[in-house]
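The values are calculated or read from the model by the stated rules, or taken from the named source; none is laboratory data. Remember, predicted model here, so these are calculated numbers, not experimental data. A quick note on method: Cβ atoms are made from the backbone with ideal geometry, for glycine too, and the neighbour counts reach across all protein chains shown. Ligands, DNA and RNA are stripped out before the accessible areas are found, and what is left, the full protein with its side chains, is counted by its heavy atoms. Shrake-Rupley method; radii C 1.70, N 1.55, O 1.52, S 1.80 Å.
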Amino acid sequence: MNIKTSIWTRRLPAAAAALALCTLGAVHAAEPVKIGFLVKQAEEPWFQDEWKYAEQAAHDKGFALVKIGVPNGEKMMAAIDNLAAQKAQGFVICAPDVKLGGAVARAAKRQSLKVISVDDRLVDGAGKPISGIPHMGISGYAIGTQVGQALAAEMKARGWKPADTGALRIAYDQLPTGRERTMGAADALKAAGLPAANVYDAPQTKTDTESAYNAANIAFTKHPAIKHWVTFGLNDEAVMGAVRAAEGRGMRADAVIGVGIGGSKTAMNEFTKPAATGFFGTVMISARRHGYETAANMYEWIAHNKVPPAETQTAGILMTRANQAKVRAEMGQ
Ligand code: GLA
């Protein structure tokens, strides 16, 4: 419901106005819809894209969007209280830690705010997904499998022998989708013939490029004999960090094949450089759907009492330098 609607209802005769109100559902005519969109890493291009598409939904549907970066639990709790104080009716969230799920659910209930999670599924104290919070994300394992298959295909195209190839898994296992994505990739590589002993884990402390760079450097130092590498992680930034660390050791596009997950600016910057880098490709996932649909679904829930689907998994497409324009068009981005 938006301001325009409340003006109409004032102009209508009483009976018609009452009828209009009945059909309009949860929100009172005088209350404009306000929705929060909280993300754990506001500086990451993926989340900026989500915000951009959520803004489009706000424009199309006529609601106010409040974008807040929530890098830690304290900021997240403050943001939820702040939304309630501004009379928002709900929020979409990618939390800084999925284990804060119980806290999110309790805060939302206390403040009578509706919640939808995006990207990272919130879990309860026992580590189980919180079923009362509708979620939109990806099948981490399936998308990871696509990454592993892309790496295996490119290895084959280059004639790299599995026995001579190291696979660097930039790992962020405390985030379930992070673990699923990278395990899916590792399993696909093993299924394609890569010896299990050739998969090396490089744990990162955060999900950004710098942490991945540091993690990869340690792994490369430990295994100097490996001539060529394939590398993967939970997002484009992870793979970018590994690729930059490899470059620092003189390993360039002919010695490294990296395939990320995302397809936002981080990947596009690489694909538009004049010469190819070790960042070979990415499985592009839909920031448009994650941003637009979650925000639009929240609006429908608030304004028309339409409860969103409990879980939606979106798909990904392999994007490389060669097909990037086509893939972006297919994904509508
Ligand atoms: C997680 C990652 C982000 C991005 C999203 C996509 O939140 O940390 O980098 O990949 O998933 O769903």
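Taking Ala246 as the residue in question, decide whether it is in contact with a Gly (Cβ under 9 Å, 6 or more places away or on another chain) and modelled with pLDDT of 95 or more. Judged against the criteria, Ala246 is a match.
Yes/no per residue for (1) within 15 Å of Trp46 (Cα to Cα); (2) open to solvent by less than 70 Å² (accessible area, probe 1.4 Å):
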residue	(1), (2)
Ala255	no, yes
Thr266	yes, yes
Phe279	no, yes
Ala287	yes, yes
Ala295	no, yes
Ala303	no, yes
Arg321	no, no
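For segment 74-96, filtered to residues that are without any contact (Cβ under 8 Å) to a residue 60 or more places away in the chain and within 16 Å of the ligand (Cβ to nearest atom), the residue that is nearest to Val115 (Cα to Cα) is Ile93. Restricting segment 218-243 to residues that are under 19 Å from Val147 (Cβ atoms) and more than 22 Å from the chain's Cα centre (by Cα), the residue that is farthest from the ligand (Cβ to nearest atom) is His228. Evaluate the following for Glu270: is it surrounded by 18 or more Cβ atoms within 10 Å (Cβ to Cβ), modelled with pLDDT of 95 or more and either within 24 Å of Met331 (Cβ to Cβ) or within 16 Å of the ligand (Cβ to nearest atom) (or both)? Answer is yes for this residue. What about Thr182, is it β-branched (Val, Ile, Thr), within 15 Å of the ligand (Cβ to nearest atom) and either without any contact (Cβ under 8 Å) to a residue 60 or more places away in the chain or touching a strand residue (DSSP E or B) at 6+ places or on another chain (Cβ under 7 Å) (or both)? It is true that Thr182 is β-branched (Val, Ile, Thr), within 15 Å of the ligand (Cβ to nearest atom) and either without any contact (Cβ under 8 Å) to a residue 60 or more places away in the chain or touching a strand residue (DSSP E or B) at 6+ places or on another chain (Cβ under 7 Å) (or both).
With a requirement of 2 or more residues that are surrounded by 22 or more Cβ atoms within 10 Å (Cβ to Cβ) and not aromatic (Phe, Trp, Tyr), the strands (runs of 3 or more DSSP E) lying completely within segment 137-250 that satisfy it span 165-171, 228-232. Considering only residues in segment 27-66 that are within 16 Å of the ligand (Cβ to nearest atom) and more than 12 Å from the chain's Cα centre (by Cα), the one that is nearest to Leu122 (Cα to Cα) turns out to be Leu38.
Among the residues of segment 97-136, those that are of a type in the set (Ser, Thr, Tyr) and either more than 24 Å from Asp173 (Cβ to Cβ) or open to solvent by less than 10 Å² (accessible area, probe 1.4 Å) (or both) comprise Ser112, Ser117.
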